[in-house]
Amino acid sequence: MNSTLQEVTYFIADLHLAQNRPDMTACFLRFLQGEATQAQRLYILGDLFEAWIGDDDDSPFLSTIAKALATLSALGTTIYYIHGNRDFLLGKRFAKKSAMILLPEVDLIDLYGKSVVIMHGDTLCTRDVGYQKFRKKSRSWWWQALIRSLPLFVRKKIAADYRKKSAAATAFKSQDIMDVTPDEVVKCLENYHSQLLIHGHTHRPAVHELSANNEEAKRIVLGDWYEQGAWLKVTPTSMQLMNKPLT
């Protein structure tokens, strides 16, 4: 147990870790072995992995990530996980192996006395009708049961094909369609009676000012890890979006 834990909480999302991007994996491991060891809590708000085909994938790559997360947890940092649109099939087996606590897709947390809504963020992008239809289908019990019943090598091929189709479809979508719907953000905050929302998914790190519940509110968007490590550092008195080079 680490006796030097500080009143610090980190939020990360959209790392999209994959075997063919060792630079991102190395940056993440440095983060887990460095900054994160001083924190009380680490929230991973989805898309830790580029794709997730099942907890039965015991590759050395995934085992390395699981071991690093479990090591951080053993030092005293509590790790929470919300599923993203790329790794929504991540299950209890890997979570246990990684010592992560699985959270619902939208959660209300107490962050140093503030009620904060946290989520991956894909449900806010309601103008992306095609994706929302796929999301509804892919979260159904029958679809997930069907996918999990397939051999591992078949699931790997399906995941690779989906990534190609997704990239092709994204290339033809406008930036507005892929960004959040402002009214949906306000609706979310008002449903949870909160003035602060933290999410990822859009890969557009920023702090947005808005109005909800007839008061000033904020929406903080986390950055992705394609070109640099990115996280939100929160203390009882400050919030700061931070980044570091991958290498």
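The values are calculated or read from the model by the stated rules, or taken from the named source; none is laboratory data. All figures in this text were calculated on a predicted structure; none of them were measured in a lab. When we count neighbours, we look across all protein chains shown, and the Cβ atoms used for this are built from the backbone with ideal geometry, even at glycine.
For the range 195-241, how many residues are polar (S, T, N, Q), assigned to a loop (DSSP other than H, G, I, E, B) and more than 24 Å from residue 29 (Cα to Cα)?
Kept after step one, since they are polar (S, T, N, Q), are these residues of the range 195-241: 195, 202, 211, 213-214, 228, 235, 237-238, 240.
If we keep only those that are assigned to a loop (DSSP other than H, G, I, E, B) as well, we get 195, 202, 213-214, 237.
The next check asks that each one be more than 24 Å from residue 29 (Cα to Cα); those that pass are 195, 213-214, 237.
Here the count works out to 4.
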Taking the conditions exactly as written (within 19 Å of the chain's Cα centre (by Cα), hydroxyl-bearing (Ser, Thr, Tyr) and at pLDDT below 90), does residue 166 satisfy them or not? yes
Please go through the range 90-132 and pick out each residue that is among the polar types (S, T, N, Q) and over 18 Å from the mean Cα position of the chain (by Cα). 115, 126
Looking at 187, 165, 244, can you tell me which residue is part of a helix (DSSP H, G or I) and either in contact with a helix residue (DSSP H, G or I) (Cβ under 8 Å, 6 or more places away or on another chain) or farther than 24 Å from residue 118 by Cα (or both)? 165
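Condition (residue is touching a residue at least 60 places away in the same chain (Cβ under 8 Å) and hydrophobic (A, V, I, L, M, F, W, C)) applied to the range 197-212: is it met by at least one residue?
Scanning the range 197-212 turns up at least one residue that is touching a residue at least 60 places away in the same chain (Cβ under 8 Å) and hydrophobic (A, V, I, L, M, F, W, C).
Name the strands (runs of 3 or more DSSP E) wholly inside the range 2-116 in which the number of residues that are of a type in the set (A, V, I, L, M, F, W, C), surrounded by fewer than 16 Cβ atoms within 10 Å (Cβ to Cβ) and at pLDDT 95 or above is 1 or more.
Numbers: elements: 9-12, 41-44, 78-81, 100-102, 106-111.
Fully inside the range 2-116 and qualifying: 100-102, 106-111.
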Cβ pairs under 7 Å, 6+ apart, first in the range 50-70 and closer than 22 Å to residue 37 by Cβ and without any contact (Cβ under 8 Å) to a residue 40 or more places away in the chain, second assigned to a loop (DSSP other than H, G, I, E, B) and not β-branched (Val, Ile, Thr): 69/99; 70/99
Qualifying positions in the range 171-184 - part of a helix (DSSP H, G or I) and at pLDDT below 90: 171, 175, 176, 177, 178
It is to be established whether one or more residues within the range 133-155 are within 29 Å of residue 41 (Cβ to Cβ), assigned to a helix (DSSP H, G or I), under 17 Å from the mean Cα position of the chain (by Cα) and free of Cβ contacts under 8 Å to residues at least 60 places away in the same chain. yes
